[in-house]
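The next block holds one structure in the form of C-alpha cells; read it before the comments.
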Amino acid sequence: MRRGAIAVAAFSGLLALGPLVLDGYLLSLLALAFAFAFFGAAWNLMMGFAGMLSIGHGLYIGIGGYTVAVLLVTFGVSPWAGLPLAGLLCAGLGAAIAWTGFRFAVRGVYFALLTLAAAELARILFEHWPFVGGTGGFFLPALPPGNVPLLTLRGGPEFFYFAFLLLLTAALVLTLAIRHSRMGYRLMAIREDEDAARASGVPVLRMRIAAAALSGGMTGIGGGLFALMNGSLFPNTMMGVAISIEIMIAPIVGGLGTVFGPAIGALFVMPVHELSEHLAQEAGVFGLNTLIYGLLVLLVVLFLPAGIGPSVARLLRGRR
Amino acid sequence: MSLLAVEALSRNFAGLRAVSEVSFCVEEGSITALIGPNGAGKTTCFNLIAGALKPSSGRVIFAGEDVTGLPPEALCLRGIGRTFQIVRPMPELTVLENAMVGAFARESRLAAAEAVAREALSRVGLLPKAGMPAAQLTLPDRKMLEVARALATRPRLLLLDEVMAGLRAGEAGAIVESLRAVNAAGVTILMIEHVMRVVMALARHIVVLHHGEKIADGTPEEVTRDPAVIRSYLGERGAA
Amino acid sequence: MIRITRRAALAGAAAALAAPATIRAQSAPVKVGVILPTSGVLAVPGQASRRGIDLGARMIAEAGGPRMEVIHADTASRPENGRVAAERLIREGCTVLVGAWDSGTTISAAQAAEPARIPLVVNIASAPQITEQGFSMVFRNFTPANVLIRNAVERIREFGQITGELPRTAVLLHVNDTFGTSIAQAVSALWTQLGIPIQIVETLSYAVTARDLSAEVARAKAANPELLMPVTRVNDAILIVREMVRQDFVPKAIIGPGSPGPYEKAFTDAVGRFGDEYMVCVPWHNPRNPRTAEVLQRFAREYPNERFELNVGFSFEAMEIVADAIRRAGSGDPAALHAALRTTDIQDHIMYGGPIRFDEKGQNNNIGGVMLQNQNQEPKVVGPAEVAEARAIYPLTPFRNRR
C-alpha cells in the first residue's frame, strides 16, 4: 500500500510540473489522455475488480456531461454544484443497473448487454428530447475574455490539464485504497468466483451495487468536465457505443484490475494516436492512422494479454 | 440440542427427486460423514444446507434457528463454512489474500483480517506459502487453501465436499491430521467423502444416502454392518 | 522543450509588422492549419473537403497568390480531437485555421482558437450555434441549417415558375440525426410561415442506422403525395430510391430540401438511372461564373475519379478567403488576419451567392442555395433561373420506363 501511495505521489507530482515545460498542444493532448485514464480507472473498478463488464459506460459520460451543461446554460447553476450532482445522479443510475441485473439474474455477457441497452436507451431518449437539443446538440457559450477558470471550471489547456490530473490522481488513490481494503478483497473475490465468495460471507449483491455506483458516479463527474472541455454535446458522441468502447481500451491495454493500468494504457494510447496520425499525414495515406492504432492495440492484446503494466512489472521482477 | 438438524429435506429437479425426505442431526464437536454411491444426492444435500440451493420442502435448523432457504453469505455469518468439490482458489490472488477473503466475513480492518488469515493458514500448514499466487499451488495445497479460507470465516460448522478426491495416499494422510486438529480446536465437521479409509479414520457418525434417501444413520460399526448399505454398494458394483 | 508562448508569438509578429508589409509577406509563407476528419466515420466528406483545400492552395500559389504553407490535422472523426488538433497547429506556427466539417469538432477547435486569438475560418458546419455562442474568432462561410432550409424552401416555391405547375401534396421523410431533424423542423416551420401552397400531408422519420426503409416508403406511398421530400445522407437516399423502384412509387417530383447524399458520386454510382431526376436544394457552386469552369476542369484532371461537390467547393473557397485576408493584411500576423477577415468583401467567387461578407458574429449571410437535379447521373443546377445550367425534368419519369 505504501509503495503504491509513493508511486501515485511520484506520478502525479512529476506530471504536475508539466505546464512548466510543455506547450499548449502537449498540455491539451495530455489533458485528454488523463481524461481517458480517469474514465478507464472508473471503468476498471467495475470490470477489473468486480469482473462486471460494462460496454455502456458512455451512459455516465453522457448523463454527467448533459447534467453539468444543462444546469449551467439553462439554469445558470455553476459546475461546482453541477459536477457533484452529476456524480450522484450517475451513481444512482449505476446502482439501478446493477440491481436490475441481479433482479433478473442477468450475469456475465448478458449483464454487459444490459449496460449497452441502458446507454443506447439514454442516447435515443436524448436524441428525441428538444430540451437538451436533441440530435442538434447542446452548446456552451464561448468563454468571455475575463474568464476565471477556477470559478467557471472552463479554461485553457493548463486548466484542463490540472483538472483531469487531479481527477486521475483521486481515482488512483481511491483505487489503491479499495485494493487494500475489505471492499477490494471482496470485489476481487466476486470476480474470481462468485459462489466461493458467497460461501465466504461476501454480500454479493450489495458489493455489486456499490461497485457500479462508485464507477458510474466517478465517470459522471469526468463526463461533466469532459463536456466543459469540448464546449458542445451530442448524444451519439457523448453516450454512443464508440465512446463506451474507447474508454475500455486504456485499462485493457495497460493492465486490467491493476491500479496503474488505466493510466499506463492511456499514456500509451494517446501518443500512439498522435504518432500514427503524423505517419499517416507524412505518408499521405488516409486512414493509415486508424490502421496503425488498431494494429498496435491488437499486438498488445495478443502478446501482452495481462496488459503493459503487469508485463513490465514481471520483466522488472525477473531481472532482479 | 444438535448443532445442525436436517428435517425431511427434499429437492426436486423437474420431476427427479434428487434428495427425498432426508433427516439427520450433527452434534456439536463431532465429525460426521455423509456417504453413498455416486448420484446419491450428497452434494445436493450439501448445497441445500449451505444455502446454494433452496429446498423444495423440509427444514434446516442451525444452532436452534430455522435457516432454511437463507443465502450462503447469510449462513456464513451465522457460522457455516463450506468448501467446494471442484476446488475454487481465487487464482489471481495470493494464498494469503485468498484466506483474507474469508477473514473479512467477520473482520473489517485489513490488519485484523490478515492476522486471522495467517492463523487459519497455519492451522492447515500453508503459512510458509502465504505469498505464493494461488494458481501455482499443488492440488493438495489447493484443497487446504479451501479449508483455510473457510476456517478464516470462523465457522462453528465446516462443510467439506470430497476434500480427498484426486489425492494420492501420502497426501491424504497430512490432510487427515490437519482436519483432526481443526476439529479438536472446536470446529464441527460434516464431510462428504468417498475414500472409506478416511471416513473410518475420522468420522464418529455416518449418514448414508442412496437414490436421494437416507438408508442408514449411526456409528461406523453400525453402518458398515447394515445390510441395506452393503446392498447399495454391492448392487452398484454388480451392475457395473 | 521550448514552450511557444502566445507572448513570444505576438512579439515576433509585432516585429514582423514593423518591416514593410509586402516584403514580409513574401519572405515567409503563412502557415494555414486545416482541421478535418479525413479518417473514421466522416472520412468521405472529410477527404472531399481536403481535396478542395489542396486544390485551392495549389491554384492560389500558381496565380502568384500569397505564399501559404498548409498543415493538415486529422481528427479521426472524434470531436474532442478538434481542440487538440487546433493546439497542435497553433504550436506549429499556424496563424489561421480552417475547419472542421463536423459541428462538434468545430466548436471544440474554437475552444482553443478563441483564447489563442487565432482566426478560424469554417468551411463547412451547419449548427446555427457556431456563430451564436459568442466566439469572436470564428468566420463561417457556410449556411447555418435554418438559412439552408430557407433557401431550399424558396427554391421549392419558385419551382412552380420553372415547371409551370406546383405539386399539391407532399410527404416529408427524414433521417433522425443532427442534420436531418433540424432540417425537418425548419422546413415545417417555414412552410407555414411562408405560406407554401403545398400541403405536407405526412412527416416520417427513420434511424440513421436503418438498413431497411420499406415500411417508411410504403407509408409515404400510401399517403399518395405529388411531392416526396427526403432529407437523407447517401446510404439512406440509395435505400429510399431502391424501395421506390421496388414499390413502384412515382410521385411527380422528389426534392430533398437541403439533403446531403443525392448529389454525391456514391449515390449516382449506386442507383444509376434510377437516381436521375431526383432534386435537392443545397448551397452549390455557380455554374455561370467563368472561373468555376476553370476550377472544375482542373479538379477533373487532378482527381478524375472524384466529383466536385459542395464539400470540395466550400473548402476551396475557404482557402480563397484566407488568401484574400492575407493579401489585404499584408502579413500572417493573427491579429492582422482577424481584422482583414472582418472586412472581407469578395465579389467574384465560385460558390453561388452574393459577396462574401461576415457580420459581427462572423456569419456570411449572402450564401445562396440552388436546386440541383441529377441528369444522366450528374447533378445539374436547374434553378434559380439566373444560374441554371439545365432545364428541370418534371414530372418524374416512371422507373420502369427508364432505359
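The values are calculated or read from the model by the stated rules, or taken from the named source; none is laboratory data. Note that the coordinates shown come from a computational prediction; the quantities given were computed from them, not determined experimentally. Backbone-built Cβ (ideal geometry, glycine too); neighbour counts: all protein chains shown.
Under the condition of being surrounded by 19 or more Cβ atoms within 10 Å (Cβ to Cβ) and more than 16 Å from the chain's Cα centre (by Cα), which residue from region C:293-327 is nearest to C:Ala237 (Cα to Cα)? Checked region C:293-327; the qualifying residue nearest to C:Ala237 (Cα to Cα) is C:Phe299. Cβ-Cβ distances below 6 Å connect no pair with a first residue in region B:107-125 that is surrounded by fewer than 17 Cβ atoms within 10 Å (Cβ to Cβ), a second residue that is of a type in the set (A, V, I, L, M), and a separation of six or more residues or different chains. Only residues that are more than 12 Å from every other protein chain (Cβ to nearest Cβ) and touching a helix residue (DSSP H, G or I) at 6+ places or on another chain (Cβ under 9 Å) were counted across region A:113-125, and they come to 8.
With respect to the conditions (1) assigned to a helix (DSSP H, G or I); (2) surrounded by 15 or more Cβ atoms within 10 Å (Cβ to Cβ); (3) not hydroxyl-bearing (Ser, Thr, Tyr), A:Gly155 falls short on a single one, namely (1).
For A:Val300, the conditions (1) buried (at least 21 other Cβ atoms within 10 Å of the Cβ); (2) touching a residue at least 12 places away in the same chain (Cβ under 8 Å); (3) within 14 Å of chain C (Cβ to nearest Cβ) all hold with the exception of (3). All of A:Ala5, A:Ala37 fail the test of being modelled with pLDDT of 90 or more and under 20 Å from A:Ala170 (Cα atoms), apart from A:Ala37. Within region C:169-210, being within 16 Å of C:Glu226 (Cβ to Cβ) and either assigned to a helix (DSSP H, G or I) or outside the structural domain of C:Val153 (by TED's automatic domain parsing) (or both) holds for one residue alone: C:Trp191.
Quick grid of which residues meet (1) buried (at least 17 other Cβ atoms within 10 Å of the Cβ); (2) more than 19 Å from A:Arg186 (Cβ to Cβ):
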{"residue": "B:Glu28", "(1), (2)": "no, yes"}
{"residue": "B:Gly36", "(1), (2)": "yes, yes"}
{"residue": "B:Thr44", "(1), (2)": "yes, yes"}
{"residue": "B:Gly51", "(1), (2)": "yes, no"}
{"residue": "B:Ser56", "(1), (2)": "no, yes"}
{"residue": "B:Pro72", "(1), (2)": "yes, no"}
{"residue": "B:Val87", "(1), (2)": "yes, yes"}
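Scanning region B:79-129 for residues that are more than 27 Å from B:Leu3 (Cβ to Cβ), of a type in the set (A, V, I, L, M) and at pLDDT 90 or above yields B:Val95, B:Leu96, B:Leu110, B:Ala111, B:Leu127.
Of everything listed in (1) more than 20 Å from the chain's Cα centre (by Cα); (2) under 16 Å from B:Ala174 (Cβ atoms); (3) acidic (Asp, Glu), the single unmet condition for B:Glu107 is (2).
Looking only at residues in region C:87-102 that are outside any loop (DSSP other than H, G, I, E, B) and over 21 Å from the mean Cα position of the chain (by Cα), the one that is surrounded by the most Cβ atoms within 10 Å (Cβ to Cβ) is C:Leu89.
For C:Ser108, the test of being within 11 Å of chain A (Cβ to nearest Cβ), surrounded by 24 or more Cβ atoms within 10 Å (Cβ to Cβ) and not in a loop (DSSP other than H, G, I, E, B) is passed. For B:Met1, the conditions (1) under 25 Å from B:Met196 (Cα atoms); (2) surrounded by fewer than 15 Cβ atoms within 10 Å (Cβ to Cβ); (3) at pLDDT below 90 are fulfilled apart from (1).
Answer yes or no as to whether C:Ala116 is over 17 Å from C:Ala339 (Cα atoms) and assigned by TED's automatic domain parsing to the domain that holds C:Gly56. Against the criterion (over 17 Å from C:Ala339 (Cα atoms) and assigned by TED's automatic domain parsing to the domain that holds C:Gly56), C:Ala116 does not qualify. Considering only region C:261-277, state which residues are crowded, with 22+ Cβ neighbours inside 10 Å and out of contact with any helix residue (DSSP H, G or I) (no Cβ under 7 Å at 6 or more places or on another chain). Passing the criteria: only C:Tyr263.
One residue stands out in region A:167-195 among those that are within 20 Å of B:Ser108 (Cα to Cα) and among the hydroxyl-bearing types (Ser, Thr, Tyr): the one that is surrounded by the fewest Cβ atoms within 10 Å (Cβ to Cβ), namely A:Ser181.
If we keep just the residues of region C:120-137 that are of a type in the set (S, T, N, Q) and under 13 Å from the mean Cα position of the chain (by Cα), which is farthest from the other protein chains (Cβ to nearest Cβ)?
Pass one, region C:120-137, residues of a type in the set (S, T, N, Q): C:123, C:126, C:129, C:131, C:133, C:136.
Going one step further and asking which of them are under 13 Å from the mean Cα position of the chain (by Cα), we end up with C:123, C:126.
Values: C:Asn123: 18, C:Ser126: 10 Å.
That would be C:Asn123.
Hey, which of the helices (runs of 4 or more DSSP H) in region B:163-240, taking only ones fully inside, have at least 2 residues that are closer than 30 Å to B:Asp141 by Cα? Once the helices (runs of 4 or more DSSP H) in region B:163-240 are filtered for at least 2 residues that are closer than 30 Å to B:Asp141 by Cα, what remains is B:169-184, B:196-202.
Considering only residues in region A:255-278 that are crowded, with 22+ Cβ neighbours inside 10 Å and of a type in the set (A, V, I, L, M, F, W, C), the one that is farthest from C:Ala76 (Cα to Cα) turns out to be A:Val259. Counting only helices (runs of 4 or more DSSP H) that sit completely within region A:1-107, those holding 3 or more residues that are crowded, with 24+ Cβ neighbours inside 10 Å and away from every other protein chain (no Cβ under 14 Å) correspond to A:24-44, A:58-73, A:79-103. Cβ-Cβ distances below 6 Å connect the following pairs, each with a first residue in region A:282-294 that is more than 8 Å from every other protein chain (Cβ to nearest Cβ), a second residue that is among the hydroxyl-bearing types (Ser, Thr, Tyr) and in a helix (DSSP H, G or I), and a separation of six or more residues or different chains: A:Ile292/A:Ser276; A:Tyr293/A:Ser276. Against the numbered list (1) farther than 15 Å from A:Ala98 by Cβ; (2) within 14 Å of chain B (Cβ to nearest Cβ), A:Leu187 comes up short only at (1).
What is the residue count in region A:71-92 for residues that are out of contact with any Phe, Trp or Tyr (no Cβ under 7 Å at 6 or more places or on another chain) and touching a residue at least 60 places away in the same chain (Cβ under 8 Å)?
Pass one, region A:71-92, residues out of contact with any Phe, Trp or Tyr (no Cβ under 7 Å at 6 or more places or on another chain): A:71-89, A:91-92.
With the extra rule that they be touching a residue at least 60 places away in the same chain (Cβ under 8 Å), the set shrinks to A:72-73, A:78-80, A:82-84, A:86-89, A:91-92.
Within region A:71-92, residues that are out of contact with any Phe, Trp or Tyr (no Cβ under 7 Å at 6 or more places or on another chain) and touching a residue at least 60 places away in the same chain (Cβ under 8 Å) number 14.
Take the residues in region C:74-105 that are of a type in the set (Val, Ile, Thr) and over 23 Å from C:Val44 (Cα atoms), then tell me which one is nearest to the other protein chains (Cβ to nearest Cβ). The selected residue is C:Ile90.
Only one of the listed residues (A:Leu256, A:Leu233) is within 20 Å of the chain's Cα centre (by Cα) and within 11 Å of chain C (Cβ to nearest Cβ). That residue is A:Leu233.
Screening A:Met218, A:Met238 for residues that are in contact with a Phe, Trp or Tyr (Cβ under 8 Å, 6 or more places away or on another chain), within 10 Å of chain C (Cβ to nearest Cβ) and under 28 Å from A:Phe139 (Cβ atoms) leaves exactly one candidate, A:Met238.
Just to be sure before I move on: is A:Pro141 surrounded by fewer than 21 Cβ atoms within 10 Å (Cβ to Cβ), within 7 Å of another protein chain (Cβ to nearest Cβ), over 18 Å from the mean Cα position of the chain (by Cα) and modelled with pLDDT under 95 in the structure I sent? I'd like the intermediate steps shown before the answer.
Details: surrounded by fewer than 21 Cβ atoms within 10 Å (Cβ to Cβ): yes; within 7 Å of another protein chain (Cβ to nearest Cβ): yes; over 18 Å from the mean Cα position of the chain (by Cα): yes; modelled with pLDDT under 95: yes.
For A:Pro141, the condition - surrounded by fewer than 21 Cβ atoms within 10 Å (Cβ to Cβ), within 7 Å of another protein chain (Cβ to nearest Cβ), over 18 Å from the mean Cα position of the chain (by Cα) and modelled with pLDDT under 95 - is met.
Within region A:146-153, does at least one residue satisfy the condition of being facing another protein chain (nearest Cβ under 9 Å), of a type outside the set (Ser, Thr, Tyr), farther than 27 Å from B:Leu96 by Cβ and without any contact (Cβ under 8 Å) to a residue 12 or more places away in the chain? Looking through region A:146-153, at least one residue is facing another protein chain (nearest Cβ under 9 Å), of a type outside the set (Ser, Thr, Tyr), farther than 27 Å from B:Leu96 by Cβ and without any contact (Cβ under 8 Å) to a residue 12 or more places away in the chain.
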